[in-house]
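Q: Shown below is the structure under consideration.
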Amino acid sequence: MEEKIARICWNIQNWKKPSGRSGKSKEANSFEVNPGFGYEEWIFDFEKLIDGYKYSFLQPLNTEKNRYKGNYFIIWLYALKNGQRFCIAKINKAICIDNEEAHQAVIKYRENGWLDEMKEDLIDIGISPDNLGQNNPLLNYNVKFDPRDIVFFHSPIEINKNLIPSHRYILQNANDEFLVFMSEKSASGEDDEVAEDIKYIANDNLSISEKSTLINARIGQGQFRKNVIALWNNGEKCAVTLVDIKEILIASHIKAWRDCVNTSERLDGANGILLCSHIDKLFDRYLITFIKKNRNFELKINPKISRSQLKSLQINEGDGLNLNGLDIDSLARFENYIEHHNKIFFENLAE
């Protein structure tokens with residue numbers, strides 16, 4: 001999916017309801033002055049869901065002919081406060097909707113009394129609700145997303161204006177320089193090893209494009225994930241459980257990122273396994289590995305994980321990897337990587 005940057009208006013209620021003019025633009029012709037609110041100020045009000053989706057409005061997606069309808073984007077959301085740019089969240093899968101779906105969302109909001117609640121929110125802060133409920137459905141809702149696809153930052157991340165050159169409400173491309181910066185700044189929300197590796201990449205003497213590729217590889221996304229999926233040739237499925245819920249699948253490095261000798265190893269699809277997130281965490285911590293047995297590779301589990309825990313995790317000693325998609329050359333490279341993982345696994349057992 002393409003990565004985009006979209007501006008939303010400033011809000012001091014965590015974008016769960018409108019917060020008035022505090023921190024907003026003071027330009028007379030701005031909608032932040034008249035009517036004094038933006039529809040996106042309810043974007044994180046997850047009490048109002050339709051079939052599990054949050055319907056909202058983003059001005060940067062608002063075009064005369066709804067040119068983005070049917071598109072899926074990763075969207076970084078930022079806001080201006082006193083002229084300074086702050087990135088507040090990322091939507092990992094934003095779905096741009098058409099007029100008919102927007103119309104149905106408006107109907108649902110009216111039927112459920114949610115539109116009346118939104119009007120009360122405006123009245124409570126002294127803003128007229130007359131402009132709420134536009135005749136054009138797409139001026140009410142033009143995007144939907146699953147709340148689980150939102151990544152919030154611990155606190156808004158201040159962004160240099162050079163990384164987001166425009167402050168208008170237009171959809172911008174997220175270039176490599178922006179993505180490298182955001183990956184480094186948001187790494188504090190990751191575990192210590194990931195954060196340390198991302199900061200190492202960001203400070204290394206590489207081009208912006210190379211940094212972006214390596215950062216995405218380190219967090220199991222981007223080119224590395226594509227390489228893993230293509231090489232294993234099983235579709236986007238967990239190699240153990242065969243679960244195909246994309247949102248919970250992680251492209252796990254077998255030979256740890258920091259142990260790789262070069263970029264080629266770090267991006268090699270044979271150095272990865274697509275795993276459900278909970279299995280990925282166990283694999284990454286060397287609490288499980290996969291041992292070659294005849295022509296198969298079977299799950300080996302650290303004894304410190306109890307039977308009751310295994311039952312809860314829905315995994316079992318001896319579960320096999322689905323290797324059907326690997327060709328001979330890829331399988332040989334995979335074996336080298338997994339032997340490295342096995343070695344560390346058994347070293348940890350001996351401690």
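The values are calculated or read from the model by the stated rules, or taken from the named source; none is laboratory data. Model, not experiment: these values are computed from the prediction. Heads up, the Cβs are rebuilt from the backbone with ideal geometry, glycines too, and the neighbour counts pull from every protein chain shown. What goes into the accessible areas is simple: the full protein's heavy atoms, side chains included, and nothing from ligands, DNA or RNA. Shrake-Rupley method; radii C 1.70, N 1.55, O 1.52, S 1.80 Å.
Q: Exactly which GluC sites (Glu not before Pro) in the stretch 59-114 are in a DSSP loop and have at most 12 other Cβ atoms within 10 Å? Mind dumping the intermediate values first?
A: Working: sites: Glu64, Glu100, Glu101, Glu111; in loops: Glu64.
Answer in residue order: Glu64.
Q: Give the Rg (one decimal place) followed by the Dmax (whole number) of the stretch 5-103, computed from C-alpha coordinates and expressed in Å.
A: Both quantities, over Cα of the stretch 5-103: 13.7, 39 Å.
Q: Okay, helix-only estimate at 222 nm for the chain: each DSSP H run of n ≥ 4 adds -39500 (n - 2.57), divide by all residues, round to 500 deg cm²/dmol; what do you get? It would help to have the intermediate numbers written out before the result.
A: Numbers: 10 runs with 112 residues, N = 351.
Value at 222 nm, helices only: -9500 deg cm²/dmol.
Q: Using every pair of alpha-carbon atoms in the stretch 74-113, split the distances into 5 Å bins beginning at 0 and state the percent of pairs per bin, rounded to integers.
A: Cα pair-distance distribution for the stretch 74-113, in percent: 6, 18, 13, 12, 17, 18, 11, 4.
Q: One quarter of the convex hull surface, Cα atoms only: what value does that give for the chain in nm²?
A: On the way: hull surface 82.7 nm².
The directionally averaged projection comes out at 20.7 nm².
Q: OK, next. Under a Cβ-Cβ cut-off of 15 Å, what is the net charge of the residues other than Thr241 that fall near it, where Lys and Arg count +1 and Asp and Glu count -1?
A: Details: positive: Lys237, Lys246, Lys281, Lys311; negative: Glu236, Asp244, Glu247, Asp280, Glu298, Glu317, Asp319.
With Lys, Arg at +1 and Asp, Glu at -1, the net is -3.
Q: Compute the distribution of all C-alpha to C-alpha distances in the stretch 61-130, in bins of 5 Å from 0, and list the percent of pairs in each, rounded to whole numbers.
A: Over the stretch 61-130, the share of Cα pairs per 5 Å bin runs 3, 13, 12, 14, 20, 25, 11, 2 percent.
Q: Residues of the stretch 1-34 with amide nitrogen under 18 Å from the 7 Å Cα-to-Cβ point of Asn131?
A: Residues 7-12, 17-34 qualify, since their backbone N sits under 18 Å from the label point.
Q: Quick one: if you take sqrt(5λ) for each eigenvalue of the C-alpha gyration tensor of the stretch 244-315, what semi-axes come out, biggest first, whole angstrom? Intermediate results must be reported in sequence, preceding the final value.
A: Details: eigenvalues 105, 46, 30 Å².
For the stretch 244-315, the semi-axes come out at 23, 15, 12 Å.
Q: Past 21 Å, Cα to Cα, is the threshold; run Lys16/Lys281; Lys16/Lys54; Lys4/Lys255; Lys93/Lys226; Lys226/Lys300; Lys93/Lys311 against it and keep the listed order.
A: Values: Lys16/Lys281 32 Å; Lys16/Lys54 12 Å; Lys4/Lys255 32 Å; Lys93/Lys226 17 Å; Lys226/Lys300 27 Å; Lys93/Lys311 32 Å.
Going by Cα-Cα distance, Lys16/Lys281; Lys4/Lys255; Lys226/Lys300; Lys93/Lys311 fall outside the 21 Å limit.
Q: Return the long-range amide H neighbours of Gly272 (sequence gap of 5 or more, or a different chain), with a cut-off of under 5 Å between placed amide H atoms.
A: Residues meeting the amide H criterion: Ile254.
Q: I need the calculated FRET efficiency for the pair Ala350 and Asp149, taking r as the beta carbon distance and R₀ as 56 Å, to the nearest 0.05. Provide the component values of the computation, followed by the final result.
A: On the way: r = 42 Å, r/R0 = 0.74.
In this case the efficiency is close to 0.85.
Q: For the stretch 311-326, take each phi angle, set θ = phi - 60°, evaluate the Karplus expression 6.51 cos²θ - 1.76 cosθ + 1.60, and give the result in whole Hz per residue in order, putting x for glycine and proline.
A: 4, 5, 7, 6, 10, 9, 4, x, 4, x, 7, 7, 9, 4, x, 7
Q: Please list, in order along the stretch 55-60, the HN-Hα scalar couplings obtained from phi with the Karplus expression 6.51 cos²θ - 1.76 cosθ + 1.60 (θ = phi - 60°), rounded to whole Hz, x for Gly and Pro.
A: Values per residue, Gly and Pro as x: 9, 8, 10, 10, 4, x Hz.
Q: While we're on this one: Assuming 1.002 mPa s and 20 °C, estimate D for the stretch 25-72 with Stokes-Einstein, Rh taken as the Kirkwood radius over Cα pairs, in µm²/s. Could the numbers behind the result be given before it?
A: Values: Rh = 12.8 Å.
Using the Kirkwood radius from Cα pairs, D works out to 167 µm²/s.
Q: Using a 1.4 Å probe over the heavy atoms of the protein chains, calculate the carbon and sulfur portion of the accessible area of the chain as a whole percent. Walk me through the intermediate numbers first.
A: Working: 8110 of 18210 Å².
Answer for the chain is 45 percent, counting heavy atoms of protein chains only.
Q: For the stretch 274-351, what size does the Cα cloud have along each of its three principal axes, sorted from largest down, in whole Å?
A: Between the extreme Cα coordinates on each principal axis of the stretch 274-351 lie 38, 27, 23 Å.
Q: Work out how much length Val243 to Glu177 would gain on full extension: take 0.36 nm times their residue separation and subtract the Cα-Cα distance, in nm to one decimal.
A: On the way: separation 66, 0.36 × 66 = 23.76 nm, distance 3.44 nm.
Between Val243 and Glu177, full extension yields an extra 20.3 nm.
Q: If you take the beta carbon distance between Leu287 and Asp124 as r and set R0 to 30 Å, what does 1/(1 + (r/R0)^6) give as a FRET efficiency, to the nearest 0.05?
A: Details: r = 51 Å, r/R0 = 1.69.
Using R0 = 30 Å, I get an efficiency of 0.05.
Q: Counting only heavy atoms of the protein chains, get the accessible area per residue of the chain (1.4 Å probe) and round it to a whole Å² value. Present the calculation step by step, with values, prior to reporting the outcome.
A: Working: 18210 Å² over 351 residues.
For the chain, the solvent-accessible area averages 52 Å² per residue.
Q: Apply the Karplus curve 6.51 cos²θ - 1.76 cosθ + 1.60, θ = phi - 60°, to the phi angles in the stretch 108-123 and return the couplings in whole Hz, x for Gly and Pro.
A: Taking θ as phi minus 60°, the curve returns 4, 4, 5, 4, 7, x, 6, 5, 5, 5, 5, 5, 4, 4, 6, 4 Hz for the stretch 108-123.
Q: Which parts of the stretch 164-181 would a label at Val33 reach, counting a residue when its backbone N lies under 17 Å from a point 7 Å out along Cα-to-Cβ?
A: Once the point is set 7 Å along Cα→Cβ of Val33, 168-169 turn out to lie under 17 Å by backbone N, inside the stretch 164-181.
Q: Follow-up question, since we're still on this one. Could you tell me which chymotrypsin sites (Phe, Trp or Tyr not before Pro) in the stretch 10-56 are loop residues by DSSP with no more than 12 other beta carbons within 10 angstrom of their beta carbon?
A: Working: sites: Trp10, Trp15, Phe31, Phe37, Tyr39, Trp42, Phe44, Phe46, Tyr53, Tyr55; in loops: Trp10, Trp15, Phe31, Phe37, Phe44, Phe46.
Of the chymotrypsin sites (Phe, Trp or Tyr not before Pro), the ones in loops of the stretch 10-56 whose Cβ has at most 12 other Cβ atoms within 10 Å are Phe46.
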